[in-house]
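Report on the following structure.
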Amino acid sequence: MRTREQRASEKRARVIARRWRHNPLCRRADVVEAWTALIVSVVLWAGTPLAGLAAGWWAYDGARSTAAEQRAERHRVLAEIVEGAHASAPSGEGVRRPVQRVSVRWAEPGERTRTGETRVAAGAGAGDRTYIWVDRQDRIVPAPTSDIVVRQHALAVGVCATGVAVAGVLALHALIRRRAACRRLAEWEREWARTGPEWTRHHT
């Protein structure tokens, strides 16, 4: 004896089968809508994750190359703060310390002393030492992009690309369903215009 769930499953299977097989009640709009639903399901479950993965990998490869170029062109040196007022820093765990702009000087072996400005944690003053990053022209530059930032950037790009792909697929599916519904209504109106008078005449 069949259970209620089995009967419901068989009923759904019969409804789906009527959409796919050729019968007088199945119009072209129904076939297009059924095929579209199948394609959309495949794209959503397989295509959009691949799109996000490809975009994330592309972003990761580009960011990693940029970080490698930065590490090749920049190096870290120890500098001395020559001008910078002491600033009160907040106390307590989990509190982010503010930064201040100070003047620093540094000298690499065999080169003359150079000066520049950089940002350090609040509270540093003249005479303190800090590490800075400089390029080949001895200009103070930001530190190279870290591996963590590279991975975060790739993840963000991949997630955004997946979201955009999903939204695009769903929007296209909604548009196709709307066009199919309009065409189905037009076909029904044409069928009724042809068969309606005969049907009403037999029932008057």
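The values are calculated or read from the model by the stated rules, or taken from the named source; none is laboratory data. As the structure is a prediction and not an experimental result, all values here were calculated from the model. Don't worry about glycine lacking a Cβ; one is built from the backbone with ideal geometry, like all the others, and counts go over all protein chains shown. We work out accessible area using only protein heavy atoms, side chains counted, and drop any ligands, DNA or RNA first. Shrake-Rupley method; radii C 1.70, N 1.55, O 1.52, S 1.80 Å.
Odds and ends about this structure:
- Check: the range 144-188 dipole with +1 on Lys, Arg Cβ and -1 on Asp, Glu Cβ, in debye: 380
- Most to least accessible of T162, T48 (protein chains only, probe 1.4 Å): T162, T48
- Nearest-0.05 FRET efficiency for E83 and A143, computed from C-beta distance (R0 30 Å): 0.85
- Long-range HN-HN contacts of G123 with modeled amide H, under 5 Å: A87
- For the set S146, S103, solvent exposure ranked by accessible area (probe 1.4 Å, protein chains only) runs largest to smallest as S146, S103.
- FRET efficiency for V164 and R112, using Cβ-Cβ distance with R0 set to 45 Å, rounded to 0.05: 0.30
- Alpha-carbon Rg with Dmax, taken over the range 102-156, Å: 14.6, 44
- Between the amide H of A79 and those of T130, Y131, I132, distances stay under 5 Å, these residues lying 5 or more places away or on another chain, with hydrogens modeled in the peptide plane.
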